[in-house]
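Working notes, structure below.
No value in this document is a laboratory result; all are computed from the given coordinates. The structure displayed is predicted, hence computed values, not measured ones. Cβ placement follows ideal geometry from the backbone for every residue including glycine, while neighbour counts extend to all protein chains displayed.
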Amino acid sequence: MENDIIQQIKNTDFLDSSLHLFIDFCNEKEYQNYLKPNVPLSALERRSELEVRAQKNGDVRFFPTVEVIQPSPTADLVVALADVLHNVSAFKGCPVEWWNEQGIYRILFRCASWSRGKNPESDRVRAASCRALVAAASHKCVRASLAATKDCLVNLLLTFTSAEEGDRDELTARMQTLLLLASLLTERSASNTVWNELRETQATPFFRLLTLSLQSDDDELKDAAMYCLTQLNKSALNKKHADKTNDETCKVFLNDLKFGNQQALSARSGAGDTGTDGDCQPEYVCEELCKLLIYHFQDMFDKKKSLASQDNLWIRVCSCLSSLLSVSLRSRLYGVHRQFPRVLLAALQSVRDQLSLQGKPVDVIRNANHDPVLNTLYWLLTTINCSMLECKSAKESFADNITGSLNKLWPWCMMTEQLRNTILHLLITFTNDCPKAWACMCACVGGRSLVGELCALAARSGAALLRALRILRQCVPHHHCRAIILKSDVLSCMNKAWSRGGRCARGAEGGACGGWGAWARLCEALARHADGGGALLALVAPRGAAARLLPALAHAAHHHRAAFLQSPELLEILSAALLTGNISEVVLAARAVWALAANNHRAKLVLRSAGMVSAVQSALQRVRREPHSSQALELLTYTHTVLHAT
């Protein structure tokens, strides 16, 4: 049936006729003196006979054509044609790419922004046109073609002017317009056009309509508004300069955008906590959006608790809220002000209790990738992670009660790759420059601590190696965390893997080199402390480790002078770095030699006998020939002076 319909469309020139009708509708063309055939073609072939008869009989009149006036296409006709395109685009054999080359979707895009003021016909035309374009926008070629049509994109934004609830037709048109805009924002050209227009004129009407849609009782309209806001936030996060560096202009604009009409200004005094409705009155747009999304999140989760992921609208709320928290620091701070971390921790506790009732992870859940409770857990962890990005107050709020839940949920999070990556990302954010978080990481709950589990995960190597090592490195400044790391076998396992040629870490992200680089950075962080440096020197240094472990050895030399002076192998590593290393390796080796020789006559004698003086002199001659090496030259000169001092 689908093939027959497509073939009939081709045979009847339906596409060409629709194209001309859309053009005439957009141009509002009025036909004048339109000539229409008045006799069949068979009669025109007998024209000479008819003319003779007309001359003999005066009462016979022959008119081959008749003059008529044809009106422009109506809105109902355009709606019907758009519905046909929408329905046919769902067919498997629909020639969407060929239709796009003919320009049918670009002309329909013009119809989508057609308006005649406050007219129900405008709403119906926009709704039908946007619905058809959303269906076709699943194809890359259609999205690219529509995204390049800047004037239509601007006109589409101009339709977001109503600040009222509106009738059913207007709500449908608004919903379809938001869906179309969200579909096009995945293209960089469309996102650039939209953001430029928002920054210039359309920000206040657009975001006012978004907040109005989020407050609507229509679930489909709320879903469309959240989808559009999500795509808008993602486009701001992915915006790049010409040199591929991050462009922060859109994030700054969204973060600092205020409402155009600031009502109840007195109610916002004192951080906005004295409003007449007993609730916070946000001053910024991102705060208002965050407030609405937090309300929807809590309301929908309370209805279904741990099975909230079965509701697609709740997933949309989490996705939208996560994107907004990722792009806006003001939203994250406002979430802390609204005590959103407590809400998330309570939700995490509810999911933990539900999973504990199901027994052991492997015995109960056979299909973990599709389990609704684990899917709810994934969205909770994602939202928690986004709410802590570069926000120390949020991290400290979560640090109060998150340890118990994460320790109990750890076996469940190791069941799927998605959950494992999510909880590791969360811990990377949580432990980044937050001493209160480090104290939580070493807390023991049920015989398990997060640092201990991360050590075991890193010792097993695999795909999670890099993230696990990064979290451990961030926790090293805390003495309890450092003690757990040093008592574990993560250092010895990595050392053995390197000695075997890196076979254990070849499954890690970034390959074996990435795993060894992360391990070397962990060793460097540990060597900054006396106990960590001692544990590092106790390992048997593997072959090829000299260059990567030089930063760690330079730090360890400050704490363990005797161990260095009694180890010919370590002194040989320093000497080789001075003789053959690059500038950065020479600086590190010279720093270690200076730390060993400073204020210790016996150490100077040992270093001289080990040939360190000639190595420093050779490095000095090499560095003098290198440009931009003033720091290395100064350090080597000072080290050479210290070695000769009596």
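Excluding Pro95 itself, what net charge comes from residues whose Cβ is under 13 Å from its Cβ, given Lys and Arg +1 and Asp and Glu -1?
-1
Each residue of segment 553-565 is assigned a 3J(HN,Hα), and the resulting list reads 5, 4, 6, 5, 5, 6, 9, 9, 5, 4, 4, 5, 5 Hz, derived from the Karplus form 6.51 cos²θ - 1.76 cosθ + 1.60 (θ = phi - 60°), x at Gly and Pro.
Per-residue 3J(HN,Hα) values for segment 380-392, derived from phi via the Karplus relation 6.51 cos²θ - 1.76 cosθ + 1.60 with θ = phi - 60°, read 5, 5, 5, 5, 4, 4, 5, 6, 9, 4, 6, 9, 5 Hz in sequence order (x marks Gly and Pro). On a straight-distance basis, which lysines could pair with Lys10 in a cross-link, Cα separation under 19 angstrom, same-chain partners fewer than 8 positions away excluded? Lys10 reaches Lys92.
Along segment 477-483 the Karplus relation, 6.51 cos²θ - 1.76 cosθ + 1.60 evaluated at θ = phi - 60°, assigns HN-Hα couplings of x, 7, 5, 5, 4, 5, 5 Hz to successive residues, with x for each Gly and Pro.
Annotation: extensible slack from Lys487 through Asn196 equals 99.2 nm (criterion: 0.36 nm per residue apart, minus Cα-Cα distance).
All other residues whose Cβ lies under 14 angstrom from that of Asp16 are scored, Lys and Arg at +1 and Asp and Glu at -1, for a net of -2. Please give the Cα centre distance for segment 562-603 versus segment 120-145, rounded to the nearest Å. Result: 69 Å between the Cα centres.
Annotation: lysines with alpha-carbon distance below 24 angstrom to Lys222 (same-chain offsets under eight excluded): Lys118, Lys234, Lys251, Lys258, Lys291, Lys303, Lys304, Lys305. Between Asp353 and Glu390, the simple spin-label model (points 7 angstrom out along Cα→Cβ) gives 3.7 nm. One chain, two ends: Asp256 and Leu313. Fully extended at 0.36 nm per residue, the span grows by 17.7 nm beyond their Cα-Cα distance.
If R0 is 56 Å, the Cβ-Cβ spacing of Asn155 and Thr245 corresponds to a FRET efficiency of close to 0.95.
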